[in-house]
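Inspection log for the structure reproduced underneath, given as C-alpha cells.
The values are calculated or read from the model by the stated rules, or taken from the named source; none is laboratory data. Everything numeric here is computed off the predicted structure, so don't read it as measured data. In this analysis, Cβ positions are derived from the backbone assuming ideal geometry, glycine residues included, and neighbour counts consider all displayed protein chains. Just the protein is used for accessible areas: all its heavy atoms, side chains included, with ligands, DNA and RNA removed. Shrake-Rupley method; radii C 1.70, N 1.55, O 1.52, S 1.80 Å.
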Amino acid sequence: MAGGNVSGAPALCPTNVHGKRIMIAGARKKDRIVSMPESRVGLKMRHTRLLKGLTLKRLAELAECSESLLSRIENGSANPSIKTMHRVAMALDMPVSGLFQDGGVEDSSVVLRQGERPTVQAGQGKGHRLEALIPSRRGNLLSGYINDIEPGSGSEGVIKHEGEEFGYVLDGEIELIVDKKKYQLRPGDSFYFRSERPHSYTNNRKKVARILWLNTPPTF
C-alpha cells in the first residue's frame with residue numbers, strides 16, 4: 001500500500017507525522033524500525049463531497065462545522081479532530097475509515113501486514129493517529145484501530161452515535177467519560193459501552209497513550 005493512491009488521496013508516505021519514522025508497539029525488537037503509510041483526508045473528503053453533489057457550504061451545514069474549517073481540511077492546511085471527522089463522515093453517509101482507506105481491498109484479503117496498514121493524523125499539532133486494523137469495505141459490521149493519543153489530545157468534545165465500542169489500553173493512560181462519569185484507564189484496562197451514550201476521552205498524562213479500539217457498526 002505504501003506509495004499507492006487512496007481513491008484520489010495523495011500518495012501514501014511511509015513516514016510518521018512530521019516525516020519521522022516510528023517503532024511499532026508489539027514489535028519493539030532492538031533497532032527494528034517499521035514505516036507506516038499515512039494519508040490526508042482532505043482530498044478524499046473533497047472527492048466524496050463532489051460525487052454527492054454537495055457544496056462546501058452544504059456539507060458544513062450537514063456536519064455542523066464551519067465552512068472555513070472544512071476548506072482548510074480539503075486544502076491540506078488543517079487536520080480534522082476525531083469529532084469533526086465523525087461529523088463529516090456522517091454527513092457524507094460513510095464511516096470515518098472511508099475518509100482515509102481505499103475501500104478497494106479485495107474481499108479475499110485476510111491479513112494487513114505491520115507497516116502496511118493505512119493511518120491518518122487527527123487533530124491539530126501532534127494530536128493523535130489512527131492506524132486501521134480492519135479494511136474499510138461495504139457491508140462491514142466491525143471497524144478497529146490502534147489509536148495513538150498524544151498528551152493533552154483526545155476526542156475534543158462529546159461524541160455519540162449508534163452502535164457499540166470496546167477498547168483495551170496497550171500503553172499509557174486516558175481519562176474516559178461516559179454519561180458524565182469519569183474513568184482513569186491504565187495499561188491492561190478494557191472498556192465497553194453503547195455508543196449512543198455521550199462519551200469523550202483525553203490523554204491527561206505526559207506519555208502517549210496507545211489504545212486498541214473497536215466499533216460496530218463501523219461508524220468509525
Point to revise | 3J(HN,Hα) from dihedral phi, segment 188-197, Karplus parametrisation 6.51/-1.76/1.60, rounded to Hz, x for glycine, proline | key: x, 7, 10, 8, 8, 7, 6, 6, 5, 6
Exercise for review: Once you've got the Cα coordinates, tell me which of Lys57/Lys83; Lys44/Lys207; Lys180/Lys207; Lys182/Lys207; Lys182/Lys206; Lys44/Lys206 are over 22 Å apart.
Suggested key: Lys44/Lys207; Lys180/Lys207; Lys44/Lys206
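Please give the peptides 134-144, 207-217 ranked by average Cβ packing (other Cβ atoms within 10 Å per residue), highest first, as a rough proxy for protection.
Result, highest mean Cβ count within 10 Å first: 207-217, 134-144.
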**Study point:** Gyration tensor (Cα) of segment 102-220, equivalent ellipsoid semi-axes in angstrom
**Key:** 24, 17, 12
Practice item. Collect residues whose amide H, placed 1.01 Å from N in the peptide plane, falls under 5 Å from the amide H of Arg205; neighbours closer than 5 in sequence don't count. Key: Gly152
Practice item. Starting from the Cα of Tyr192, step 7 Å along the direction of its Cβ; do the same at Ser77; then give the gap between the two resulting points in nm. Key: 4.6
Practice item. Return the carbon/sulfur percentage of the accessible area of segment 57-179, one whole number, probe 1.4 Å, all protein chains in place. Key: 46
Check your understanding: By how many nm would the segment from Tyr168 to Val110 grow when fully extended, if each residue of separation counts as 0.36 nm and the alpha-carbon distance is taken off?
Key -> 18.6 nm
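Can you give me the accessible area per residue for segment 131-220, using a 1.4 Å probe, in Å²? Mind dumping the intermediate values first?
Details: 4470 Å² over 90 residues.
For segment 131-220, the per-residue accessible area is 50 Å².
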